[in-house]
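K.L.:
Take a look at the following structure, please.
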Amino acid sequence: MKTVIIGSNHAGIAAANTLLDNYPGNEVVLIDRNTNLSYLGCGTALWVGRQIDGYEGLFYTNKEDFIKKGAKIFLQSSVTNIDFDGKVVHFEDESGKATTESYDKLVLATGSKPIVPNIPGKDLDGIHFLKLFQEGQAVDHAMSSEDVKTVAVIGAGYIGVEIAEAAKRRGKNVLLFDAMPTSLASYYDPEFTERMDANLEKHGIELHFGELATEYKGDTRVTQLVTDKASYDVDMVINAIGFTANSDLGREHLDTFRNGAYLVDSHQKTSDDSVYAVGDSATIYSNALEATTYIALATNAVRSGIVAGHNIGGTVLDGIGVQGSNGISIFGYNMVSTGLSVAAAAKNNIDVDYTDYEDLQKPGFIKENGAVKIRIVYEKSSRRIVGAQLASTEDISANIHMFSLAIQEHVTIDKLKLLDIFFLPHFNQPYNYITMAALKAK
């Protein structure tokens, strides 16, 4: 069995390692247009913001590791065409030579690509995106210039908020823009996002929400950002609007989702029996929505690669769906969520209710302490938990895993009310805020 994998970041690597580690005798070929593999893009802001010493630790494997396992790997190689009928991948290798690789099974792990705002001036110098390692290098280099004093970040999702923090840590004047009325609006309800907004303002980031970028101005380099409300002098722009599936190679042959992502089944198989799609290029099943959707997350990418690898190797393994669990930490303020917010549920026509609670993480006599706000979202008809959000200066991140499992297993809000939760003053309170929130549910 010969498997060709196009794309060698998280999903492609997971598929390759699954085949190489568990199914001896399988031939694995990886093809990627980049110079590197396994870059943890979620660490870019930590590196740019000098919260870590350098970027080297953001790579967790390399070409040599795969060669040692017996894989063939082509980096700096661009796929030009796929002959799905003949099962042949055509590409130009590192030297520019036209090359082919036949396959028994093909894995499309081409990931996602940044959404580029189609507005005047979009090709000016000084406008950056954040996806690849090289793009992180370019942003880092630009921020090292004394000429760059004001940075505009467009998009206040996770990447935008994180890189805004990084720019501020580098001593820049930072303007953060988003068309939505708050930051992180896709993941949290306003009662949570308003706290993050206050945290950003407290640390000197200038917020411009409810504003839409309409034009970039400058001769050869951007010097001004124009929105539907005002104009701003800037020295650098970072676009962090979001991502969409990079599915150009197979879009004409395979069935796709409304955003262009490859439609896959629970084995990660596409509409072509010989082709699998994984990671950000493919759809995923949401247990909260109980429907197929698109959620671009590295954790989802890894799981989908594992599922595809085992099914190609001969072990039938169904993906169990995801909840879209996520988290963020900005200037020491931590927020985590999973499943659906109240706003997201309404957008998807799911009738929900929610219960909120707020208390200290630990008993009042503990000096190092902080308030925690929690919201649990549940479906009115079935009372199954469909989402949770937590925010605190304390590390409350591990709590979200329990809620992720609860959504996956259709646990009701009533089941949570008397859940056995341990107590020790070092960690939490005897009347745990999870218990108290569940008991408050209507």
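K.L.:
Kirkwood Rh over alpha-carbon pairs of the stretch 331-438, then Stokes-Einstein at 10 °C and 1.306 mPa s: what D in µm² s⁻¹, rounded to an integer?
P.N.:
The Stokes-Einstein estimate is 112 µm²/s.
K.L.:
How far apart, in nm, are the 7 Å Cα→Cβ label points at Lys69 and Ala179?
P.N.:
Using points 7 Å along Cα→Cβ, the separation is 4.0 nm.
K.L.:
Moving on. Once you charge only the Cβ atoms, +1 for Lys and Arg and -1 for Asp and Glu, what is the size of the charge dipole of the chain about its Cα centre, to the nearest 20 debye?
P.N.:
That gives the chain a dipole magnitude of about 740 debye.
K.L.:
Shifting gears a bit: Among the listed pairs Lys202/Lys380; Lys373/Lys442; Lys367/Lys415; Lys131/Lys417; Lys202/Lys442, which have their C-alpha atoms separated by more than 30 angstrom in this model?
P.N.:
Violating the 30 Å limit, Cα to Cα: Lys202/Lys380; Lys367/Lys415; Lys131/Lys417; Lys202/Lys442.
K.L.:
Another question, then. Pull up the DSSP beta bridges for the chain and report the antiparallel fraction as a percent, rounded to 5.
P.N.:
Counting DSSP beta bridges with both partners in the chain, the antiparallel share is about 60 percent.
K.L.:
For a quick protection proxy, order the peptides 176-184, 51-59, 113-121, 38-46 by their average other-Cβ count within 10 Å, most packed first.
P.N.:
176-184, 38-46, 113-121, 51-59
K.L.:
Please express the Cα-Cα pair-distance distribution P(r) of the stretch 402-442 as a list of whole percents, one per 10 Å bin, running from 0 to the bin with the greatest distance.
P.N.:
27, 53, 19, 1
K.L.:
With the crude spin-label approximation of a point 7 Å out along Cα→Cβ, what separation in nm comes out for Ser382 versus Glu201?
P.N.:
The modelled label-to-label distance comes out at 3.9 nm.
K.L.:
Using 0.36 nm times the number of residues separating Glu94 and Lys347, minus their current alpha carbon distance, what extension gain do you get?
P.N.:
Fully extending the segment from Glu94 to Lys347 adds 86.5 nm.
K.L.:
Would you calculate the separation in nanometres between label points at Thr220 and Gln76, each defined as 7 Å from the Cα along the Cα-to-beta-carbon direction?
P.N.:
Computed distance between label sites Thr220 and Gln76 equals 2.6 nm.
K.L.:
On to the next question. Scale the Cα Rg of the chain by the rule-of-thumb value 2.2 N^0.38 Å and send over the ratio, two decimals.
P.N.:
1.04
K.L.:
Another one. Given the peptides 136-148, 269-281, arrange them by the average over their residues of other C-beta atoms within 10 Å, most packed first.
P.N.:
269-281, 136-148
K.L.:
A further question on this structure: Averaging the inverse of every distinct alpha carbon separation and then flipping it gives the Kirkwood radius. What is it for the stretch 1-113, in angstrom units?
P.N.:
Evaluated on the stretch 1-113, it is 14.9 Å.
K.L.:
What order, most packed first, do the peptides 284-291, 234-241 have when packing is the mean number of other Cβ atoms within 10 Å of each residue?
P.N.:
Going from most to least packed, we get 234-241, 284-291.
K.L.:
Determine the principal axes of the Cα atoms in the stretch 252-318, then give the extent along each, sorted from largest to smallest and rounded to whole angstroms.
P.N.:
In descending order, the Cα extents are 30, 28, 20 Å.
K.L.:
Compute the Kirkwood hydrodynamic radius of the stretch 103-192, taking the inverse of the mean of 1/r over all pairs of distinct Cα atoms, and give it in Å to one decimal.
P.N.:
By the Kirkwood definition, the hydrodynamic radius is 15.2 Å.
K.L.:
I'd like the antiparallel share, as a percent to the nearest 5, of DSSP beta bridges with both residues in the stretch 1-92.
P.N.:
45 percent
K.L.:
Can you tell me the length gained on complete extension of the stretch Lys367 to Leu212, counting 0.36 nm per residue apart and subtracting the Cα distance?
P.N.:
So the chain would gain 51.4 nm between Lys367 and Leu212.
K.L.:
Where Rh is the Kirkwood radius over the Cα pairs of the stretch 230-368, the temperature 10 °C and the viscosity 1.306 mPa s, what D in µm²/s does Stokes-Einstein return?
P.N.:
Translational diffusion coefficient: 88 µm²/s.
K.L.:
Distance between the C-alpha centers of the stretch 138-173 and the stretch 2-18? Whole Å please.
P.N.:
Value for the Cα centre distance between the two parts: 33 Å.
K.L.:
Taking each full run of DSSP H in the chain as one helix, which ones are at least 20 Å long along their axis (Cα atoms) and have mean Kyte-Doolittle hydropathy of at least -0.5?
P.N.:
298-313
Computed from the coordinates by the stated procedures, all read-outs in this text should not be read as laboratory data. Fair warning: this is a prediction, and the values are worked out from it, not measured in the lab. Cβ atoms come from the backbone with ideal geometry, glycine included; neighbour counts cover every protein chain shown.
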